[in-house]
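The structure under discussion appears below in the form of structure tokens.
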Amino acid sequence: MRVITGAAAGLPEGCYGRVTSYRQRVFVERLGWRLQVRDGCETDQFDRLDTVYVLVEDDAGNITGCTRLLPTTQPYLLAEVFPQLLNGLLPPRDAVVWELSRFAAMDFNRRAATPLAQFSHSATALLMRAAIACAAERGAQRLITVSPVGIERLIRRLGLHAHRAGPPMIIDGQWIFACWIEV
Amino acid sequence: MHVSADGYVRVDMAVFCSISLVHLLSALDADADLPLTHASGACVASITGYTEWVSPGWPALSLGWDWSVATGEGRVRYQRDGEVRSNVMLVNARWRDLGAQASAMLLCAAIDSLEWESTVEHFIRDRYGSDGSSPGPVAW
């Protein structure tokens, strides 16, 4: 497996398209999220020139995981779409806080026994550590993420210190919450 | 009480113990294929899940923990597994943080003194009992 990081313009040729296609397969096809899809690719307003992508490829070059990092000094998902998850706190706008979103570690070439096993496979740990290292290189001291309830304990299982920013809320039929992760 | 910039709500233990937590949700673990154990020739599924509780008002204290169903002595019992996850940072009388680990330990003890099991049991029975629906996959 290998890790690739960078803004869209700095990724190897064709990589950005494969990332957005992979996201479409995971989040739209598999999870059924109602997201904007164009030409088989899932993108939104937070896929910008300054967005940093972290992806994991297997030895055959297939993407087995990806995520994106956004500086909170610019518009980001939690602040723009889900600020109510912060328990009344104003969304952080700080160079040392970055947002982690669209995190997925799903190997389409490997049948996991359970969804939890999909999350637990080595690409997940590798992807999370790579994302944290990538954010740290850019000055992050903390990450914030919006995720379904249940992810907090999985983050902790990876040996990371995480705590929720507020209580879970039901949005679009799914219980989600905001979670802080120490870098 | 207020929310600190780090996302924690700071309270001392006396205040925390005076707050009544309200059940928000409980769910079975997202494993489609639950681990199986064999007992007395029968195949028994290990039932595990998580539960979320919240304080009324603002700022909200949010606590969640894992649980499992233990059987023995002719009865079924829900028990907490692992640490309590929360946005609570307990402080001492001088308003100094006790730290994440000490807070979690004290919160665990507080949770264990509450009567939460029957609430979770009823919720799980209502949620999954009738149609057998199971939780979805994991990614965010």
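The values are calculated or read from the model by the stated rules, or taken from the named source; none is laboratory data. Just so it is clear, the model here is predicted, and its values are computed rather than measured. With ideal geometry, Cβ positions are generated from the backbone for all residues, glycine too; neighbour counts draw on all protein chains shown.
What the table below lists for this structure:
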item	result
Residues of region A:7-32 satisfying the condition of being touching a residue at least 60 places away in the same chain (Cβ under 8 Å) and over 15 Å from A:Leu69 (Cα atoms)	A:Tyr22, A:Arg25, A:Val26, A:Phe27, A:Arg30
Test: residue in region A:67-89 that is small (Gly, Ala, Ser), over 30 Å from B:Ala60 (Cα atoms) and surrounded by fewer than 18 Cβ atoms within 10 Å (Cβ to Cβ)	no
Region B:49-67, subset outside any strand (DSSP E or B) and more than 7 Å from chain A (Cβ to nearest Cβ), residue surrounded by the most Cβ atoms within 10 Å (Cβ to Cβ)	B:Leu61
Residue ID - nearest to the other protein chains (Cβ to nearest Cβ), chosen from residues in region A:121-165 that are at positive phi and modelled with pLDDT of 85 or more	A:Gly159
Residue among A:Met169, A:Met106 that alone is within 11 Å of chain B (Cβ to nearest Cβ) and within 22 Å of B:Met89 (Cβ to Cβ)	A:Met169
Any chance A:Thr43 is closer than 18 Å to A:Leu127 by Cβ, under 15 Å from the mean Cα position of the chain (by Cα) and among the polar types (S, T, N, Q)	no
Matching residues, region A:78-89, being more than 9 Å from chain B (Cβ to nearest Cβ) and over 18 Å from the mean Cα position of the chain (by Cα)	A:Gln84
Yes/no for A:Leu70 being modelled with pLDDT of 95 or more, among the aliphatic types (A, V, I, L, M) and part of a helix (DSSP H, G or I)	no
Per-region count, region B:70-87, residues more than 13 Å from chain A (Cβ to nearest Cβ) and either surrounded by 18 or more Cβ atoms within 10 Å (Cβ to Cβ) or closer than 30 Å to A:Gln84 by Cα (or both)	1
Filter result for the condition that a residue is modelled with pLDDT under 95 and either closer than 25 Å to A:Ile151 by Cα or within 12 Å of another protein chain (Cβ to nearest Cβ) (or both), over B:Leu90, B:Leu21, B:Leu28	B:Leu28
Residue in region B:37-48 that is modelled with pLDDT of 95 or more, touching a Ser or Thr at 6+ places or on another chain (Cβ under 9 Å) and surrounded by 17 or more Cβ atoms within 10 Å (Cβ to Cβ) present	no
Test result for A:Arg93, away from every other protein chain (no Cβ under 11 Å), modelled with pLDDT of 95 or more and either surrounded by fewer than 22 Cβ atoms within 10 Å (Cβ to Cβ) or part of a helix (DSSP H, G or I) (or both)	yes
Conditions (1) in contact with a Phe, Trp or Tyr (Cβ under 9 Å, 6 or more places away or on another chain); (2) outside any loop (DSSP other than H, G, I, E, B); number of the one not met by A:Arg18	(1)
Subset tally (residues that are exposed (fewer than 14 other Cβ atoms within 10 Å of the Cβ) and among the charged types (D, E, K, R)) for region A:4-27	1
Residue check, A:Glu42 of a type in the set (Asp, Glu) and buried (at least 21 other Cβ atoms within 10 Å of the Cβ)	yes
Condition met for A:Tyr76 (under 30 Å from B:Ser86 (Cα atoms), of a type outside the set (A, V, I, L, M, F, W, C) and in contact with an Asp or Glu (Cβ under 6 Å, 6 or more places away or on another chain))	yes
